[in-house]
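The values are calculated or read from the model by the stated rules, or taken from the named source; none is laboratory data. Predicted, not measured: the structure shown is a model, and the values here were computed from it. Heads up, the Cβs are rebuilt from the backbone with ideal geometry, glycines too, and the neighbour counts pull from every protein chain shown. Remember, those area values only see protein heavy atoms, side chains included, never the ligands or the DNA or RNA. Shrake-Rupley method; radii C 1.70, N 1.55, O 1.52, S 1.80 Å.
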Amino acid sequence: MTITPPGRPTLCVIDHRALRWNFKQIRALVGPRVKILAMVKANGYGHGAVAVAKTLAAAGADAFGVATVEEGIELRRARIGQPILVLAGVYLEQLPVFLKYRLTPVVHEAETLKALDKRLRQRKATLPVEIEVDTGMGRIGFPAGEIGSWLPALAKLRPVKLGGVFSHFADAERAKEHFSQKQLACFNQVLSRLADAEVMHRSSHMSKSAALITEPKAHFSMVRPGLILYGMYPAPALKKQIDLKPVLSWQTRIIQLKRVVAGTSIGYGRTFVAQRNSLIATLPVGYADGYRRLFSNRAQVLVRGKRAPVAGRVSMDLTTIDVTDIRNVQQGDEVVLLGYQGSAEIGADEIAGWANTISYEIFTSISARVPRIHVNI
């Protein structure tokens, strides 16, 4: 049983036993020689970056990936000692911070790389960097097809030390997916060109969560699991290939019960009108907590192991549900928004479907005012 902290009873429970289990499954899949760069950007996908990173570091994570320099600083201040890769890039004015906190920036184009090298010469300092190569994602990175124009710049680097080279799959949710195979072949060609030019680097990586499972030839020297660390499958078909446990559950408690007669409307816009005499429960959670307005009259929650529909519009701080068909409901009863209650489950993919989005967005949208309670640390 989770101990609810004083205050509003809306919280997320983060199970570190499940987190360690998922890491163990990833290690078994890639083997002992492939390093694991654990992605903990966006506050550990909404799970709490510092607590998650500490558990994964103890479990054997070789490095961590974040999006911003601020996220990297947070980990360093929490005494995370492994290499930290800042994937969203580097601005020249951030250089002193990268040096101070021993963060590794990702560079996406040649001008920044040259400017960094010049600044480091002036400071008489060195800095490891990694470069991202665009093999078909089309979002950011050195264009693989233009390697002849940027490869010479790599060969001339001095204080900038090339630590790694990586790329990013656009798909890879299925094995032998055609475009993913083209990207993989393209990245291998880039690595061959670097070797021919004697441009040395310590690591190469391409596998996100899905590709880690579907493309063993893309493991290279390191993999970058994100979503699967937290117990979610990038695609339903992958459930047969790795056994994961959800790490996060989201719960609250009934703050009020109210009996209404048929014809009573509930909430803003009167979008729910009771078709019968009904029992309506109010929950202290709303879209300011990340419980999306799109869930209005669409989502379901768990009460006493049974499903109850959201009734009316989700408002900023409160949500109403119809518990007419659930026996013995009491004020203060636990309500599960995401996770298990007994044998019943509402999963992140199901919730994401109600909002026409993906589980990544559901996790990362749970706001900071919802406490994360870490258990089994």
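Taking the Cβ of VAL370 as the center, what net charge do the other residues with Cβ under 14 Å away carry, scoring Lys and Arg +1 and Asp and Glu -1?
Combined, the nearby Lys, Arg, Asp and Glu give +3.
Could you tell me how many degrees, from 0 to 90 and to the nearest 10, lie between the Cα long axis of helix 178-196 and the main elongation axis, the longest principal axis, of the Cα atoms of the chain?
It is inclined by approximately 30 degrees.
Round to the nearest 0.05 the FRET efficiency obtained for SER221 and ARG369 when R0 = 45 Å and r is the Cβ-Cβ distance.
Once rounded, the FRET efficiency stands at 0.65.
With all protein chains present, calculate the accessible area of ASP134 using a 1.4 Å probe and round the result to the nearest 10 Å².
Here the residue's solvent-accessible area equals roughly 40 Å².
Once you have the Cα-Cα distance between ALA288 and THR264, take 0.36 nm times their residue separation minus that, and quote the gain in nm to one decimal.
That pair, ALA288 and THR264, stretches by 6.0 nm at full extension.
Which value in nm describes the separation of the simple spin-label points at GLU350 and ILE377, placed 7 Å from the Cα toward the beta carbon?
It works out to 3.1 nm between the two label points.
Calculate for the chain the 222 nm mean residue ellipticity that helices alone would give, adding -39,500 (n - 2.57) per DSSP H run of length 4 or more and normalising by residue count, nearest 500 deg cm²/dmol.
Rounded to the nearest 500, the figure is -8500 deg cm²/dmol.
Students often get this wrong, so try it: which of (1) 41, 24, 17; (2) 45, 21, 19; (3) 33, 27, 24 is semi-axes √(5λ) of the Cα gyration tensor in Å as calculated from the structure shown?
Read-out from the structure maps to (2).
Between ASN277 and ARG307, 0.36 nm times their residue separation minus their Cα-Cα distance comes to what?
8.9 nm
Give a residue-ordered list of calculated ³J(HN,Hα) values for segment 300-309 (Karplus: 6.51 cos²θ - 1.76 cosθ + 1.60, θ = phi - 60°; whole Hz; x for Gly, Pro).
Couplings: 10, 10, 10, 9, 6, x, 10, 7, 10, x Hz.
Find which of ILE14, LEU113, LEU294 sits farthest along the positive direction of the dipole of the chain, computed with +1 on the beta-carbon of Lys and Arg, -1 on that of Asp and Glu, about the Cα centre.
ILE14
Could you bin all the Cα-Cα distances of segment 15-126 into 10 Å bins starting at 0 and give me the percent of pairs in each, rounded to whole numbers?
14, 42, 29, 13, 2
Set the Förster distance to 51 Å, then compute FRET efficiency between ASP325 and TYR101 from the Cβ-Cβ distance, nearest 0.05.
For R0 = 51 Å, the calculated efficiency reads 0.40.
Taking only C-alpha pairs under 8 Å that are 6+ residues apart, what is the relative contact order of segment 4-147 in percent?
RCO, segment 4-147: 14 percent.
At 7 Å along Cα-to-Cβ for each site, give me the label-to-label distance between THR126 and ARG33 in nm.
For the pair THR126/ARG33, the computed spacing is 2.7 nm.
I'd like to check one number: the per residue accessible area of segment 48-176, probe 1.4 Å, reported in Å² as a whole number.
46 Å²
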